[in-house]
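Chemist: Let me begin by handing over the structure; questions about it come next.
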Amino acid sequence: MASENVLQTSDAEFDNQVLKSAEPVLVDFWAPWCGPCKAIGPVIEGLANEFAGKVKVAKMNVDDNPATPGKYGIRAIPTLILFKNGEVVDQITGAVGKPQLVALINKAL
């Protein structure tokens, strides 16, 4: 069950939805076959609801959108990258807990 606060982004939409966003954006690079990605999914959706209006949360399927993950050097998933004003603030790779993700988001607030 996807949250209405989680944006599905693509290579074609990435610039407009993420890089040109007025608010910080946390992008979850994932794939449907990735177990750790599925495990972290509910945490990501919870954060999207918790930080709604302050931070956007987007998911990008790396299988369907190879250009953007390639541009940012993503070699393992899940990788979460926090963007603010079109720049990378920080990133985390692997299924981490909510405290680490909240700390990541707070770097952009």
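Computed from the coordinates by the stated procedures, all read-outs in this text should not be read as laboratory data. Quantities reported herein were computed from a predicted structural model and do not represent experimental measurements. In this analysis, Cβ positions are derived from the backbone assuming ideal geometry, glycine residues included, and neighbour counts consider all displayed protein chains.
Chemist: Using the Cα centre of region 50-109 as the reference point, and only Cβ charges (+1 on K/R, -1 on D/E), how large is the resulting charge dipole? Debye, rounded to the nearest 20. Mind dumping the intermediate values first?
Modeler: Working: 8 positive and 5 negative charges, 29 e Å.
Value, rounded to 20: 140 debye.
Chemist: So which lysines pass the test for residue 107, namely a Cα distance under 21 Å, with those fewer than 8 places away in the same chain ruled out?
Modeler: Straight-distance partners of residue 107: 20, 54, 56, 59, 84, 98.
Chemist: How much length, in nm to one decimal, is gained on full extension between residue 90 and residue 15, taken as 0.36 nm per residue of separation minus their Cα-Cα distance?
Modeler: On the way: separation 75, 0.36 × 75 = 27.00 nm, distance 1.78 nm.
Length difference between fully extended and current span is 25.2 nm.
Chemist: Short version: ³J(HN,Hα) in whole Hz for each residue of region 34-40, in order, from phi by Karplus 6.51 cos²θ - 1.76 cosθ + 1.60 (θ = phi - 60°), x for Gly and Pro, what are they?
Modeler: Each residue's phi maps through the Karplus curve to give 8, x, x, 5, 5, 5, 7 Hz.
Chemist: May I pose another question? Give me the aspartates and glutamates in straight-line cross-link reach of residue 38: C-alpha distance below 13 Å, same-chain residues under 8 apart excluded.
Modeler: 28
Chemist: Relative to the Cα centre, what is the charge dipole magnitude of the chain, using +1 at the beta carbon of each Lys and Arg, -1 at the beta carbon of each Asp and Glu, and rounding to the nearest 20 debye?
Modeler: Numbers: 10 positive and 12 negative charges, 59 e Å.
Roughly 280 debye, rounded to the nearest 20.
Chemist: Before anything else, pin down the relative contact order of the chain: Cα pairs under 8 Å, at least 6 apart, normalised by residue count, whole percent. Show your work: numbers first, answer last.
Modeler: Numbers: 180 pairs, mean separation 39.1, N = 109.
For the chain, the relative contact order is 36 percent.
Chemist: Taking Cα atoms of region 6-106, Rg/Rh with Kirkwood Rh, to two decimals?
Modeler: Values: Rg = 12.1 Å, Rh = 13.2 Å.
In region 6-106, Rg relative to Rh is 0.91.
Chemist: Measuring from centroid to centroid over Cα atoms, what is the spacing of region 12-61 and region 72-103 in Å?
Modeler: Spelled out, the Cα-based centre of one part sits 10 Å from the other.
Chemist: Can you tally the net charge around residue 7? Count Lys and Arg as +1, Asp and Glu as -1, for every other residue whose Cβ sits under 12 Å from the Cβ of residue 7. Could you put the intermediate results ahead of the total?
Modeler: Values: positive: 56, 59; negative: 4, 13, 23, 28, 45.
Cβ neighbours under 12 Å give a net charge of -3.
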